[in-house]
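See below for the structure under consideration.
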Amino acid sequence: MLEFRSILIPTDFSECAQHAEHYGVALAKQFHSELHYLYAIEPIDTFATINGVEQSIYFDVLKDLRESAQERLSQLAQQRQQEGFRVVTTIREGRASEAIIEYAQQNAISLICIATHGRRGFSHLILGSTTERVVRRAPCPVFVVRAGSGQS
């Protein structure tokens, strides 16, 4: 029998991520899993090369992103805890796919439930796919929810 003791739900708070969260929560309910929410702050390369006063703007942006994400994750955790779930939230800095894979390895995650935007062609080639990288390198099964897919 399958056992998913812990389910990781990476989020960027987008509608797509919220859609995937619905599936992750449903699975967690079914398997009595602990929910892990992860928000990754992607590097802002443009600012990284700037010196002087502008560099302080970069650190202000990072601080604001972290504070905003922490507030939203706290709200998610509180809501899910009221529903009876055990919840862990975390924020990581770095490329999202790397943060997700590393977190899953370090925390013995049983399942990752992640959204995909369903990009194709040129935009997929240019932007790449966080979800695709996670699927290829994850240390556990990955449940992929395509944006706009029906909800059950």
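The values are calculated or read from the model by the stated rules, or taken from the named source; none is laboratory data. Bear in mind the structure is a predicted one, so any value in this text is a computation, not a measurement. In this analysis, Cβ positions are derived from the backbone assuming ideal geometry, glycine residues included, and neighbour counts consider all displayed protein chains.
Remarks
- Test: residue in segment 81-102 that is of a type in the set (Phe, Trp, Tyr) and surrounded by 16 or more Cβ atoms within 10 Å (Cβ to Cβ): yes
- Applying the criterion of being at pLDDT below 95 and of a type in the set (A, V, I, L, M, F, W, C) to the residues of segment 115-142, the residue that is surrounded by the most Cβ atoms within 10 Å (Cβ to Cβ) is 115.
- Segment 26-41, residues that are under 15 Å from residue 76 (Cα atoms), over 14 Å from the mean Cα position of the chain (by Cα) and either crowded, with 20+ Cβ neighbours inside 10 Å or of a type in the set (Phe, Trp, Tyr) (or both): 28
- First in segment 5-22 and farther than 18 Å from residue 33 by Cα, second anywhere and in a loop (DSSP other than H, G, I, E, B) and small (Gly, Ala, Ser), Cβ under 6 Å, 6 or more apart: 16/147
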